[in-house]
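J.: Before I ask anything, let me first share the structure, which is written out below as structure tokens.
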């Protein structure tokens, strides 16, 4: 099933800058995941997207550098709220806490 163009909003410049600072190959992998999100919206699933619970999801790139881009859905839009290079098996509490704070901000202001 095809989702006809989910709007993607980058909530702040921090995540935009994070993506821009990656190497070219990794940027293309992140952009590919974002295109999939735009195309499939809520239907995007593993291995490209995974729920972290309570409405927080992650886009997952594969390759030498594993990037995670955290996002939420709100009012029929996808809000990209945080990005980082995954270095450990579990996502750090610092990254989750930051994303939850931004998630609440989006829900309150968007």
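Values in this text are rule-based calculations from the coordinates and carry no lab data. Keep in mind that this is a model prediction, so the values were computed, not measured. Counting neighbours? That spans all protein chains shown, and the Cβs are built from the backbone with ideal geometry, glycine included.
J.: Could you sort the peptides 54-60, 76-82, 14-20, 104-110 by per-residue average Cβ neighbour count (10 Å cutoff), highest mean leading?
T.: Result, highest mean Cβ count within 10 Å first: 76-82, 54-60, 14-20, 104-110.
J.: Mind running the shape call on the range 7-109? Use the C-alpha gyration tensor, a ≥ b ≥ c as the square roots of the eigenvalues: rounded below 1.5 for a/c, prolate if a/b tops b/c, oblate otherwise.
T.: The shape class here is rounded.
J.: So, in Å, what gap is there between the alpha-carbon centers of the range 1-49 and the range 54-73?
T.: Using only Cα atoms to place each centre, the spacing works out to 9 Å.
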